[in-house]
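Below: one structure, written as structure tokens.
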Amino acid sequence: MPRNLPYSTRQHALYDKEAEVREIADLFSQAALKTQPWHTETVTRFVERSVMDFQTLLKWLEELESAENWDGEAISDVSYGLAKLHQNLVTNLREVEDNHKYQKYHADCINFIGQHLNKPNQYLMKVANGQIQKMEIEYEKAVEELAKNVSIGQRLDQKLDLVWQEYREVRRQLKQMKDRLWEVESHEERLMELDDWREEHGHWTSKTIQELCVKIDNQNGKIMKYTRLDLDLRWNVVDRDLKKLQLLRVQTLLTWISEQPVGSRPHWLCEELKDHLVDACREYSRMEDSACEGTGWVGVERNSDYDLVLEMAYSKIRASLARVKYGRIENKRHTRELEIYREWVE
């Protein structure tokens with residue numbers, strides 16, 4: 001910022017800054033402005049103390065300019081200080097308001113996505129909500145820093161980039177995460193298992209389904225305990241347990257979609273998908289029964305010729321369920337987005 005402007009130019013610039021600071025002081029003294037959610041007691045303290053420091057420097061400037069012998073360097077320094085105080089007040093106030101709106105915007109976006117996904121414990125959602133909390137903390141810290149009762153020299157150092165540095169870093173991280181959240185349906189589709197409806201809030205259940213879910217959890221826990229050495233030396237045992245887990249998931253899905261009342265179905269479980277899944281799950285169960293019909297000297301002996309066919313059948317069930325489910329969830333979210341945009345335009 002230039003510090004040696006001609007006197008007349010400097011005076012006009014100073015008058016403009018003084019008028020704007022006075023206008024800000026008047027606005028923040030009005031009760032009507034307090035209806036703004038970002039106008040807190042902390043922000044008011046920042047404004048009041050900045051205005052007080054600005055008036056102090058104005059008084060110094062008047063004393064210097066009324067002296068018989070002008071101290072040009074001192075006048076230039078005080079004028080520079082007035083310009084910096086004005087700049088810090090205006091830019092930080094704008095940052096306070098904008099960042100409060102950004103917080104609400106990001107929080108609303110994450111809630112909007114979460115409502116349609118309906119999986120409160122989904123990893124990305126939990127991390128994003130954690131970042132929202134961090135952003136709120138950094139916002140409050142920045143505002144408290146601005147409102148501190150400090151000297152004029154320290155007030156001059158309340159530069160935008162320094163005060164809001166940590167907040168902006170958290171916001172940048174959240175923005176990157178939010179870009180991934182907008183594609184969360186695709187992410188979930190890739191990782192989906194046949195029993196992931198259990199993660200949905202308010203899903204329908206019954207005693208039979210709960211018993212099957214306990215068996216799934218126990219079987220999954222057993223598989224998770226296998227080590228890399230087990231995979232090398234006991235692959236037949238591991239493979240048998242994996243196939244048992246798949247069968248349990250198919251049986252649980254079949255029971256869940258067959259027994260629940262129509263009114264309790266999630267919006268993505270349309271009649272066509274239900275009929276397809278029922279047929280596919282029953283066919284998988286029949287093939288599994290056929291694979292276990294053989295007998296050996298140790299009891300039931302599995303026919304490995306069915307393994308590839310069963311694997312392909314399971315993959316098809318999983319792929320069709322994932323594609324339809326998350327496609328319908330994403331379409332519903334986009335439909336609501338269009339409705340919101342239409343309301344906003346109109």
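The values are calculated or read from the model by the stated rules, or taken from the named source; none is laboratory data. In this text, all values refer to a predicted model and were calculated from it rather than measured experimentally. Glycine gets a Cβ as well: all are built from the backbone with ideal geometry, and neighbour counts include every protein chain shown. We work out accessible area using only protein heavy atoms, side chains counted, and drop any ligands, DNA or RNA first. Shrake-Rupley method; radii C 1.70, N 1.55, O 1.52, S 1.80 Å.
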Rounded to the nearest 20 Debye, what is the dipole magnitude of segment 196-277 about its Cα centre when Lys and Arg each give +1 and Asp and Glu each give -1 at the C-beta? 400
Under 17 Å Cα-Cα from K316, which aspartates and glutamates qualify once same-chain neighbours fewer than 8 residues away are excluded? E188, E189, E193, D195, D196, E272, D275, D279, E283, E288, D307
Which percent of the accessible heavy-atom area of the chain goes to carbon and sulfur, probe 1.4 angstrom? 51
Projected onto the charge dipole of the chain (+1 at Lys/Arg Cβ, -1 at Asp/Glu Cβ, origin at the Cα centre), which of A67, N218, Y326 gives the Cα projection farthest towards the positive end? N218
For the chain, calculate the relative contact order in percent as a whole number, restricting contacts to Cα pairs under 8 Å that are 6 or more residues apart. 15
If you count, for each residue, the other Cβ atoms within 10 Å and average over each peptide, how do 189-197, 221-229, 37-45 line up from highest to lowest? 189-197, 37-45, 221-229
With 21 Å as the limit, write out which pairs from K17/K104; K104/K178; K59/K84; K243/K325; K126/K274; K215/K325 have Cα-Cα distances beyond it, or answer none. K17/K104; K243/K325; K126/K274; K215/K325
Cβ crowding within 10 Å averaged over residues, with 283-289, 325-331 ranked highest first: 325-331, 283-289
Taking all pairs of different Cα atoms in segment 142-278, averaging 1/r and flipping that mean, what Kirkwood radius in angstroms comes out? 20.1
Pair S66, Y105: separation of 7 Å Cα→Cβ label points (nm): 4.8
Name the residue farthest towards the positive end of the dipole of the chain from the options A142, H201, L58, assuming +1 on Cβ of Lys and Arg, -1 on Cβ of Asp and Glu, about the Cα centre. H201
